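As structure tokens, the structure follows; a few thoughts come after it.
Just so it is clear, none of the values below were taken in a lab; they were calculated from the coordinates. Remember, it's a predicted structure, so these values are computed and weren't measured experimentally. Backbone-built Cβ (ideal geometry, glycine too); neighbour counts: all protein chains shown.
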Amino acid sequence: MSNCSGSCSTCEDGNCSSRLPPGMLAQYDLEQDVSDDILVFIESDSDGNVHPSVIGLLGKARQISSGRVFGVMFAGAEGRQQYDMLFSYGIDTLYHMRNPSVKDFQPLTFAEAIADLSKRITPASILISATPYGRELAPLIAAKLDTGLTADCTRLEAEGRRLIMSRPALGGNIEATIETDRFPQMATVRPGTFPDPEPEVGRKGTAISRPYQIVSPKEIISADVPSPGTDIGSAKILISLGNGIRKRSSVENAYRLAERIGASVSCSRALADKGWMPRSAQVGQSGKTVSPDLYIAFGISGAVQHLAGLRAKRIISVNRDRNAPINSVAYKAIVGDADAILESVLRQA
Amino acid sequence: MSDLRIAVMVKQVPDPNLVEISEDGRLMRENVPSMIDPFGKMALQHAITNKCQHHVDAISMGPMQAQDVLRKSLEFGADDAYLISGREFAGADTIATARTMAAFLSMRDYDLVFCGMQATDGDTAQVPSELAVFLGFNIYSYATSIDLENMTVTQSYERADVVSKLSLPAVITFMRPPHGCVQIPSMTDYVSALKKEIKVVGFADLGIRMCDTGAKGSRTKVKSVSTIIPKKKSTEFIDGADTVSAASAIMKEVKG
Ligand SMILES: Cc1cc2nc3c(=O)[nH]c(=O)nc-3n(C[C@H](O)[C@H](O)[C@H](O)COP(=O)(O)OP(=O)(O)OC[C@H]3O[C@@H](n4cnc5c(N)ncnc54)[C@H](O)[C@@H]3O)c2cc1C
């Protein structure tokens, strides 16, 4: 079957698929019945803990699906403990992918397994959180299925099974609305974009265990897992430090404050570059995306690259400069000295 | 390992600080000064710092003006430069871009393809993974460092820095420059770069079909573009407060 419109000059024979580029599978047949269902990738760690961003994504899938909501999760036996929780947030059928020899995130293997599953269950759309894993995985699946993928959507709407995706472009100055003319339609969504839905306790679903093959395994030598309290991605309160911090002792103060108020400590790239904070704590385009309820920025100017990773409900900024860009997105802007105010907060905590 | 063939994908992007949006929400790219995408530049720096016995090509896909970034890449120390350019490629989304690049790369037998983790104009981070599938290569995204002697790669994922064995052939995307890198082109690099020719590769050279590239090969369609009118956040300013009351204002929020 050819997908070329008549204007194609090199394959009038209508026999494109015999000359598919290497690595490309035969694609979804547009003529076939596509379901109204939506498939959501359930990112989890090796212990089967579900990534917090998945919940908001499930809420959205439930809201826009005119059919069922499927989930696909790669986890060991521990994954079973998540079934009820996942059903309560709207999954009808959960594909629990099992392979005892896989312990880590295996991009090519997972992509192959999801592409296979997708051909079998023919969802109208596939939604994936735009976490680092998700952003690596989603385009692998899209290329295997030869379908369109839209990154970092901030709005998702549906007209029947058709997905209408919107994303900001060019530093957030414009919003582009994008559609895909193939199935499955694919989108990634930045963590924290959609609110967590209320769980429907006791809601029932079906779980199906499925084995999968390993392809091109990635051989992992070591993985440094950060100690508790340093996981900035899931923190509810973040104390974030920037170049406006002049005293090294402020870093220590921030960690002590974090311990007292149950927060984590993050930073701008400028401070990570200085070596005062670990890279893993950097927020922004080349760092992490965070979505805390409260983000307290000490001496951060608010460059676009920093704000690209920030999805906070409320931002309080402490900056010497009343006109710092961060103040235009802040809910409260305190004009003053970052080191002194941080020290004083610690005393009051 | 020695004698590896490395391709570095570099993109020309508009300088984000100078882009203007027209009243009807169009991007005024025409007269905007452009630059080498910062993440692509990091990929190039990793290739050059590891160069020794390896061969490094800089490759870009874009309009003829994109020769500028390839000229820069040669000055930084790339051995050869190729520009994939032609009107047939216009309007390509990430899939069509990756498929076009793959057609070129697969003719040239590379062991490694280095990319920036994303380009600052599109921000999608999709082309490298798609490229890996079309080439049948392994993928290592968000790399912070590589060691081509011991063949290892370190990737920065959300919860962990993962060190893996680097299995060839592979696509690697970089999110930061090499450690301690302050690469400035030397005078000799600069002079020898001037003598090098940037080879332009067109549609006919690639052996791909019209329906696999450009707007026709794209699987996504932009339906509309609108200017985002920034929501006026009413910021409450606390100016001129003493340190202790400023701190109390923060504690009040923490206690919610
Ligand atoms: C490709 C690319 C990717 C990038 N990715 C990221 C990223 O992921 N994350 C990121 O953060 N940045 C990133 N950047 C860098 C970004 O452009 C900024 O340079 C950086 O965010 C600045 O950090 P900062 O606000 O801490 O420092 P500065 O810009 O130096 O700002 C310091 C702020 O502190 C204030 N200040 C100074 N002294 C005091 C004081 N005593 N008390 C109170 N306030 C004070 C100043 O008024 C100023 O607003 C990236 C850049 C590029 C080109």
Q) Cα gyration tensor of the stretch B:5-217, axes a ≥ b ≥ c as square roots of the eigenvalues: rounded (a/c below 1.5), prolate (a/b > b/c) or oblate? A) rounded
**Q.** Amide proton proximity set for residue A:314, modelled H, under 5 Å, gap of 5+
**A.** A:294, A:295
Q) Check residue A:35: other-chain or 5+ apart residues with amide H under 5 Å from its amide H, H built from backbone geometry? A) A:124
Q. What value, in deg cm²/dmol to 500, does the helix sum -39500 (n - 2.57) over DSSP H runs of n ≥ 4 give at 222 nm once divided by the residues of chain A?
A. -7000 deg cm²/dmol
Q. Got a sec to turn the phi values of the stretch A:184-190 into Karplus ³J(HN,Hα) couplings, 6.51 cos²θ - 1.76 cosθ + 1.60 with θ = phi - 60°, whole Hz, x for Gly and Pro?
A. x, 7, 10, 9, 10, 9, 5
Q) Roughly speaking, what is the stretch gain from residue A:248 to residue A:220, that is 0.36 nm per residue apart minus the C-alpha to C-alpha distance, in nm to one decimal? A) 6.6 nm
Q. So between residue B:251 and residue B:234, what do we pick up on full extension, going 0.36 nm a residue minus the alpha carbon distance?
A. 4.1 nm
**Q.** 3J(HN,Hα) from dihedral phi, the stretch A:218-224, Karplus parametrisation 6.51/-1.76/1.60, rounded to Hz, x for glycine, proline
**A.** 8, 9, 8, 8, 7, 9, 7
Q) Picking from B:163, B:56, B:222, which is most flexible by a Gaussian network model of chain B using Cα springs under 10 Å? A) B:222
Q. Over the Cα atoms of the stretch A:211-330, what is the Rg over Rh ratio if Rh follows Kirkwood?
A. 1.06
Q | Between 0 and 90°, nearest 10: helix A:53-64 axis offset from chain A longest Cα axis | A | 50 degrees
Q: List the relative contact order of chain A as a percent without decimals, with contacts defined as Cα pairs under 8 Å and 6+ residues apart.
A: 14 percent
Q) For chain B, what is the mean residue ellipticity at 222 nm derived from helices alone (per DSSP H run of n ≥ 4: -39500 (n - 2.57); sum divided by total residues; nearest 500 deg cm²/dmol)? A) -8000 deg cm²/dmol
Q | Under 5 Å, built H, 5+ apart or other chain: amide partners of residue B:58 | A | B:8, B:79, B:80, B:81, B:82
Q: May I ask what percent, to the nearest 5, of DSSP beta bridges between residues of the protein assembly as shown are antiparallel?
A: 30 percent
Q.
For a Förster distance of 25 Å, can you work out the FRET efficiency between the beta-carbons of residue B:55 and residue B:205, rounded to the nearest 0.05?
A. 0.80
Q: Measure of size requested: the Rg and Dmax of the protein assembly as shown, with Cα atoms as the atom set and Å as the unit; please supply both.
A: 24.3, 79
Q.
Per-residue Cβ counts within 10 Å, from other chains only, averaged over B:139-151: what number is that?
A. 2
Q: Calculate the length of the line joining the C-alpha centroid of the stretch A:98-138 to that of the stretch A:148-168, in whole Å.
A: 19 Å
